[in-house]
Amino acid sequence: MRLCDQDIEEWLQRKELIIEPYPKKKLINGITVDIHLGNKFRFFYEHTRSCIDLSDSKINRTSALAEIMSNETISSKEKPFFLQPGSLVLSSTLEKITIPNNLVGWLDGRSSLARLGLMIHATAHRIDPGWKGNIVLEMFNAGKLTLVLRPKMKIAALSFEVLSQSVLRPYDSREESKYKSQNGVVPSRIDKE
(Lines give C-alpha, C1' and ligand atoms only; values in the text may rest on other atoms or scores of the structure.)
Protein backbone atom coordinates (compact mmCIF):
# COMPACT_ATOMS: atom_id res chain seq x y z
CA MET A 1 0.00 0.00 0.00
CA ARG A 2 1.35 3.44 -0.95
CA LEU A 3 1.06 6.22 1.60
CA CYS A 4 -1.19 9.13 0.66
CA ASP A 5 -0.42 12.71 1.67
CA GLN A 6 -2.41 12.35 4.91
CA ASP A 7 -0.49 9.16 5.81
CA ILE A 8 2.85 10.77 4.99
CA GLU A 9 2.06 13.68 7.31
CA GLU A 10 1.10 11.24 10.10
CA TRP A 11 4.30 9.16 9.68
CA LEU A 12 6.35 12.39 9.76
CA GLN A 13 4.55 13.69 12.86
CA ARG A 14 5.14 10.38 14.67
CA LYS A 15 8.82 10.53 13.56
CA GLU A 16 8.57 7.04 12.08
CA LEU A 17 9.62 8.59 8.76
CA ILE A 18 12.11 11.47 9.04
CA ILE A 19 12.82 14.12 6.42
CA GLU A 20 15.21 16.93 7.42
CA PRO A 21 14.50 19.73 6.99
CA TYR A 22 10.88 18.93 7.79
CA PRO A 23 8.82 19.45 4.60
CA LYS A 24 6.29 22.26 4.39
CA LYS A 25 2.68 21.14 3.87
CA LYS A 26 2.64 22.51 0.31
CA LEU A 27 5.38 19.99 -0.62
CA ILE A 28 3.23 16.97 0.39
CA ASN A 29 0.60 16.25 -2.27
CA GLY A 30 -1.27 13.18 -3.44
CA ILE A 31 1.23 10.40 -2.77
CA THR A 32 4.53 12.31 -2.87
CA VAL A 33 6.82 14.69 -1.02
CA ASP A 34 8.73 17.14 -3.22
CA ILE A 35 12.46 17.23 -2.45
CA HIS A 36 15.18 19.68 -3.40
CA LEU A 37 18.59 19.65 -5.01
CA GLY A 38 21.57 19.99 -2.69
CA ASN A 39 24.62 22.11 -3.52
CA LYS A 40 27.24 19.37 -4.01
CA PHE A 41 28.19 17.82 -7.35
CA ARG A 42 30.67 15.32 -8.78
CA PHE A 43 31.22 15.25 -12.52
CA PHE A 44 33.14 13.01 -14.89
CA TYR A 45 36.30 14.21 -16.63
CA GLU A 46 36.52 13.94 -20.41
CA HIS A 47 38.41 10.88 -21.73
CA THR A 48 41.08 10.51 -19.02
CA ARG A 49 40.61 6.73 -19.14
CA SER A 50 39.33 4.54 -21.94
CA CYS A 51 37.35 2.13 -19.75
CA ILE A 52 36.84 0.54 -16.34
CA ASP A 53 36.47 -3.23 -16.28
CA LEU A 54 33.69 -3.72 -13.74
CA SER A 55 34.35 -7.46 -13.51
CA ASP A 56 38.11 -7.20 -12.77
CA SER A 57 38.52 -7.86 -9.04
CA LYS A 58 42.22 -6.85 -9.17
CA ILE A 59 41.60 -3.29 -10.31
CA ASN A 60 42.07 -0.53 -7.78
CA ARG A 61 38.67 1.08 -8.25
CA THR A 62 39.44 3.94 -5.89
CA SER A 63 42.33 5.16 -8.05
CA ALA A 64 40.34 4.49 -11.24
CA LEU A 65 37.48 6.65 -9.94
CA ALA A 66 39.92 9.40 -8.97
CA GLU A 67 41.10 9.47 -12.60
CA ILE A 68 37.62 9.90 -14.06
CA MET A 69 35.61 11.79 -11.43
CA SER A 70 35.99 15.18 -9.79
CA ASN A 71 36.10 15.81 -6.08
CA GLU A 72 32.93 17.24 -4.61
CA THR A 73 32.30 20.73 -5.95
CA ILE A 74 29.97 23.22 -4.31
CA SER A 75 27.51 25.35 -6.26
CA SER A 76 25.32 28.23 -5.15
CA LYS A 77 22.41 30.26 -6.47
CA GLU A 78 24.94 32.71 -7.90
CA LYS A 79 27.26 29.96 -9.17
CA PRO A 80 24.98 27.18 -10.52
CA PHE A 81 26.03 23.89 -12.10
CA PHE A 82 25.73 23.67 -15.90
CA LEU A 83 24.81 20.17 -17.11
CA GLN A 84 25.79 19.76 -20.74
CA PRO A 85 23.77 17.61 -23.19
CA GLY A 86 24.83 13.96 -23.01
CA SER A 87 26.51 14.41 -19.60
CA LEU A 88 26.06 12.57 -16.32
CA VAL A 89 26.59 14.25 -12.96
CA LEU A 90 26.16 13.03 -9.40
CA SER A 91 24.50 15.30 -6.89
CA SER A 92 22.44 14.78 -3.77
CA THR A 93 19.23 15.87 -2.20
CA LEU A 94 19.16 18.79 0.19
CA GLU A 95 17.03 16.65 2.48
CA LYS A 96 18.32 13.84 4.66
CA ILE A 97 15.93 10.92 4.80
CA THR A 98 15.47 8.21 7.45
CA ILE A 99 13.22 5.35 6.38
CA PRO A 100 11.91 2.85 8.94
CA ASN A 101 12.34 -0.90 8.53
CA ASN A 102 8.74 -1.44 7.38
CA LEU A 103 8.71 1.14 4.57
CA VAL A 104 10.37 1.44 1.16
CA GLY A 105 10.84 4.76 -0.61
CA TRP A 106 10.63 5.48 -4.35
CA LEU A 107 12.35 8.42 -6.03
CA ASP A 108 10.84 9.90 -9.18
CA GLY A 109 11.93 12.81 -11.31
CA ARG A 110 9.61 15.71 -12.03
CA SER A 111 7.83 15.51 -15.37
CA SER A 112 8.35 19.23 -16.04
CA LEU A 113 12.14 18.68 -15.85
CA ALA A 114 12.01 15.37 -17.75
CA ARG A 115 10.30 17.17 -20.63
CA LEU A 116 13.43 19.29 -20.91
CA GLY A 117 15.65 16.18 -20.96
CA LEU A 118 16.66 15.90 -17.29
CA MET A 119 16.75 12.36 -15.93
CA ILE A 120 17.07 12.26 -12.13
CA HIS A 121 18.20 8.67 -11.57
CA ALA A 122 20.03 6.42 -14.00
CA THR A 123 18.61 3.27 -12.38
CA ALA A 124 18.66 3.64 -8.61
CA HIS A 125 15.27 4.92 -7.55
CA ARG A 126 14.51 2.57 -4.64
CA ILE A 127 15.34 3.76 -1.12
CA ASP A 128 15.67 0.68 1.07
CA PRO A 129 14.08 0.09 4.47
CA GLY A 130 16.52 1.28 7.12
CA TRP A 131 18.06 3.98 4.87
CA LYS A 132 19.56 7.11 6.50
CA GLY A 133 21.24 10.00 4.71
CA ASN A 134 21.15 12.15 1.60
CA ILE A 135 19.96 10.49 -1.58
CA VAL A 136 22.52 10.62 -4.39
CA LEU A 137 21.01 11.65 -7.71
CA GLU A 138 22.45 10.27 -10.96
CA MET A 139 21.38 13.09 -13.25
CA PHE A 140 21.69 12.84 -17.02
CA ASN A 141 20.93 15.51 -19.61
CA ALA A 142 19.22 13.69 -22.50
CA GLY A 143 18.14 16.97 -24.07
CA LYS A 144 19.72 19.25 -26.65
CA LEU A 145 20.35 22.28 -24.42
CA THR A 146 22.55 22.91 -21.40
CA LEU A 147 20.51 22.72 -18.19
CA VAL A 148 21.24 25.09 -15.30
CA LEU A 149 20.94 23.39 -11.90
CA ARG A 150 20.65 25.56 -8.80
CA PRO A 151 20.71 24.41 -5.17
CA LYS A 152 17.32 24.26 -3.43
CA MET A 153 15.35 23.90 -6.67
CA LYS A 154 12.60 21.25 -6.58
CA ILE A 155 14.25 18.27 -8.25
CA ALA A 156 12.25 15.11 -7.51
CA ALA A 157 9.48 13.52 -5.47
CA LEU A 158 9.47 10.68 -2.97
CA SER A 159 6.66 8.21 -2.43
CA PHE A 160 6.50 5.50 0.20
CA GLU A 161 5.14 1.99 0.30
CA VAL A 162 4.29 0.05 3.47
CA LEU A 163 5.76 -3.47 3.61
CA SER A 164 3.89 -6.51 4.88
CA GLN A 165 6.24 -6.45 7.91
CA SER A 166 9.60 -5.05 8.97
CA VAL A 167 12.57 -6.41 7.04
CA LEU A 168 15.03 -8.74 8.78
CA ARG A 169 18.09 -7.01 7.33
CA PRO A 170 17.52 -3.23 7.10
CA TYR A 171 20.04 -1.24 5.08
CA ASP A 172 21.72 0.50 8.01
CA SER A 173 22.43 -2.77 9.85
CA ARG A 174 24.05 -4.77 7.01
CA GLU A 175 27.86 -4.89 7.08
CA GLU A 176 28.10 -4.86 3.29
CA SER A 177 25.95 -1.72 2.89
CA LYS A 178 28.17 0.63 0.88
CA TYR A 179 26.39 3.92 1.41
CA LYS A 180 25.41 3.93 5.09
CA SER A 181 24.54 7.40 6.43
CA GLN A 182 25.93 9.02 3.31
CA ASN A 183 26.37 12.74 3.49
CA GLY A 184 26.71 14.63 0.23
CA VAL A 185 27.74 13.00 -3.04
CA VAL A 186 29.31 9.59 -2.52
CA PRO A 187 30.73 8.11 -5.76
CA SER A 188 30.34 4.51 -6.89
CA ARG A 189 31.63 1.83 -4.57
CA ILE A 190 31.72 -1.15 -6.90
CA ASP A 191 31.30 -4.59 -5.32
CA LYS A 192 34.36 -6.80 -5.14
CA GLU A 193 33.68 -10.39 -6.15
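Any residue that is farther than 22 Å from residue 15 by Cβ, in contact with a Gly (Cβ under 8 Å, 6 or more places away or on another chain) and modelled with pLDDT of 95 or more - is there at least one of those in the stretch 156-176? Yes, that holds for at least one residue.
For the stretch 118-155, a tally of residues being assigned to a strand (DSSP E or B), among the polar types (S, T, N, Q) and within 26 Å of residue 102 (Cα to Cα) returns 1.
Among the residues of the stretch 86-103, the one identified as of a type in the set (Val, Ile, Thr) and surrounded by fewer than 18 Cβ atoms within 10 Å (Cβ to Cβ) is 98. Residues in the stretch 5-51 that are touching a residue at least 60 places away in the same chain (Cβ under 8 Å) and assigned to a loop (DSSP other than H, G, I, E, B): 16, 17, 21, 23, 31.
Of all residue pairs spaced 6 or more apart or on separate chains, those with beta-carbon atoms under 7 Å, a first member in the stretch 121-133 that is within 19 Å of residue 21 (Cα to Cα) and a second member that is in a strand (DSSP E or B) and of a type in the set (S, T, N, Q) are 132/98; 133/182. Within the stretch 112-135, is there a residue that is crowded, with 17+ Cβ neighbours inside 10 Å and under 18 Å from residue 73 (Cα atoms)? Yes, there is a match, as at least one residue in the stretch 112-135 is crowded, with 17+ Cβ neighbours inside 10 Å and under 18 Å from residue 73 (Cα atoms).
The values are calculated or read from the model by the stated rules, or taken from the named source; none is laboratory data. Please read these numbers as outputs of a predicted model, since none were measured by experiment. Glycine also receives a Cβ, built like all others from the backbone with ideal geometry; neighbour counts cover every protein chain displayed.
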